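Here's the structure we're looking at; comments come further down.
The values are calculated or read from the model by the stated rules, or taken from the named source; none is laboratory data. Given the structure is predicted, the values throughout are model-derived calculations rather than measurements. Positions of Cβ are generated from backbone atoms using ideal geometry, with glycine treated the same way; all protein chains shown enter the neighbour counts.
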Amino acid sequence: MLIHTLRPLARGELPYRAIELEGVRHVLTTAIPGHGETLPEQMREGIGSIEAVLEQCEASGGLVHLAVFLAEPALVAPCRRWLRGHYGAEMPAVSFIPQPPCDGSLVGIEAMAVRPEPGKVSIERLNEHLVVVRHNNLAWVFADQAVPRTSAEGVYEKTICTYQHLLRLLPKGGARLDQVVRTWIYLGSIVANDGDEQRYKSLNRARSEFYQNVPFLSDHLPEGLPNPVYPASTGIGTEGRGLCISALAVLSEREDVYTVPLENPRQTAAYDYSAAYSPRSPKFSRGLALVAGPDATLFISGTASITHSETQHIGDPAAQTAETLENIRVLISEENLARHGLPGYGAKLEQLAAIRVYVKRLQDYPVIREVIQRHLSDLPTLYTVADVCRPDLLVEIEGIAFSSRTGPALQLHRAARKACAGPPFCCPASCPDRSTCPHAILG
């Protein structure tokens with residue numbers, strides 16, 4: 001049974017969601033410190049508030065993942081040192097994201113935890129890049145902060161090397177690239193030029209070539225899917241010129257675990273975009289449903305004010321926000337899940353468990369927030385200043401929702417796993433891991 005829980009909030013308390021997935025409690029919450037002028041002061045307040053929520057939810061000691069949003073790139077190193085000193089060997093997997101919180105704080109924090117239960121839930125914290133959570137014959141592998149190790153300046157080369165780092169991280173947690181269900185790609189100056197090509201388009205070119213012949217999720221696909229299969233994903237801008245990728249992979253031998261990529265009937269699939277938007281189209285799904293027994297986790301990719309493939313409501317942040325929420329509503333609806341072969345699943349907007357809102361222009365934050373709060377109240381939400389991948393898009397929203405199966409038992413047939421037969425595709429010469437072949441690792 002899947003249960004959404006939201007505690008009534010007193011002044012100063014954090015919104016959170018506590019979700020029971022097959023009897024295991026998962027907790028999502030966000031913290032924006034309201035006091036303190038220095039990073040250590042704000043980190044103490046933010047982490048202290050999160051730990052108070054986890055204690056209330058009986059999930060103390062169960063923190064597995066943090067996404068830490070910082071006002072500038074220079075704060076990444078001191079924030080990492082603070083977290084290492086605070087958590088020591090209990091350090092969760094962490095993404096450090098140089099995106100300023102919209103309210104002017106130095107830091108904003110998104111947290112995920114599970115309730116530790118000996119004999120039922122195990123948490124393996126390998127390092128700050130990698131944490132593995134196991135329960136009910138499922139393994140959730142959080143792989144964070146893959147970065148390029150190359151002297152090459154181009155985004156294309158940096159993206160290839162960053163994916164190579166991800167390929168080295170995943171096997172340490174027992175996972176492969178083709179088992180990834182969700183990625184987050186953070187690219188500084190995302191709409192600026194990289195030579196003669198926009199930086200985001202260079203990233204898409206590298207991602208498209210790197211994903212070639214990767215049999216994504218084929219261990220857990222229903223038969224007869226008509227479309228290409230890619231993870232859910234967000235590609236978003238950051239301060240500075242850096243690049244990093246974080247990912248979530250899911251492993252299971254269970255016959256009742258399925259992954260179904262989701263597309264939106266209001267939108268052209270991103271991987272079918274014309275060359276006018278990018279010479280190599282973005283390779284991701286609009287969302288992804290992970291079904292485990294009676295419960296489904298719905299990963300919502302970065303979503304914007306786009307119908308078909310065109311930007312809507314140019315120059316109007318309120319209308320773009322409303323259009324974006326409508327896209328999310330349709331994507332996770334019961335009607336759309338049924339359209340994808342998952343009748344009885346689906347969620348409403350108010351059943352979202354957490355969202356991130358990326359705001360292109362800080363001056364638009366009040367109106368964007370007002371629209372979201374009109375539709376969604378007391379929801380764990382982080383608002384950050386971040387460039388969106390098109391110059392005319394003013395807001396992007398991603399999130400996660402949960403659903404329980406209603407009606408008769410679902411019957412799906414798993415597709416046979418396809419063999420990986422692609423040619424080697426190696427790092428550029430400047431990368432120290434040039435000899436590593438992703439197809440060899442996958443095979």
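Side notes on the structure shown:
- If you go through the range 72-95 and keep only what is touching a strand residue (DSSP E or B) at 6+ places or on another chain (Cβ under 7 Å) and within 19 Å of ILE185 (Cα to Cα), you end up with VAL76, ALA93, VAL94, SER95.
- Subset of the range 126-149 [surrounded by fewer than 22 Cβ atoms within 10 Å (Cβ to Cβ) and over 20 Å from ILE97 (Cβ atoms)]: LEU126, ARG134, HIS135, ASN136, ASN137, LEU138, ALA139
- Here ALA249 fulfils each of the conditions (1) of a type in the set (A, V, I, L, M, F, W, C); (2) farther than 22 Å from PRO92 by Cβ; (3) out of contact with any Gly (no Cβ under 6 Å at 6 or more places or on another chain); (4) touching a residue at least 12 places away in the same chain (Cβ under 8 Å) apart from (2).
- Qualifying residues in the range 152-182 (those that are assigned to a loop (DSSP other than H, G, I, E, B) and not hydrophobic (A, V, I, L, M, F, W, C)) - the one surrounded by the fewest Cβ atoms within 10 Å (Cβ to Cβ): GLU153
- Lone qualifier among THR307, THR297 - being closer than 18 Å to LEU342 by Cβ, of a type in the set (Val, Ile, Thr) and in a strand (DSSP E or B): THR297
- When SER208, SER305 are checked against the criterion of being crowded, with 23+ Cβ neighbours inside 10 Å, in contact (Cβ under 8 Å) with a residue 24 or more places away in the chain, under 30 Å from HIS65 (Cα atoms) and of a type in the set (S, T, N, Q), a single residue qualifies: SER305.
- When GLY407 is tested against (1) at pLDDT below 80; (2) on the phi > 0 side of the Ramachandran plot; (3) crowded, with 17+ Cβ neighbours inside 10 Å, only condition (3) is not met.
For (1) hydroxyl-bearing (Ser, Thr, Tyr); (2) within 23 Å of TRP184 (Cα to Cα); (3) over 22 Å from the mean Cα position of the chain (by Cα), each residue gets a yes or a no:
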| residue | (1), (2), (3) |
| --- | --- |
| ARG286 | no, yes, no |
| LEU290 | no, yes, no |
| ASP295 | no, no, no |
| GLY302 | no, yes, no |
| PRO317 | no, no, yes |
| GLN320 | no, yes, no |
| GLU326 | no, yes, no |
| ARG329 | no, yes, no |
| ARG339 | no, no, yes |
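- Selection status of THR324, hydroxyl-bearing (Ser, Thr, Tyr), within 29 Å of ARG134 (Cα to Cα) and modelled with pLDDT of 95 or more: no
- Check on HIS65, at pLDDT 95 or above, within 25 Å of GLY235 (Cβ to Cβ) and assigned to a strand (DSSP E or B): yes
- Residue check, LEU288 touching a residue at least 12 places away in the same chain (Cβ under 8 Å), in contact with a Ser or Thr (Cβ under 8 Å, 6 or more places away or on another chain), farther than 28 Å from GLU157 by Cβ and assigned to a strand (DSSP E or B): yes
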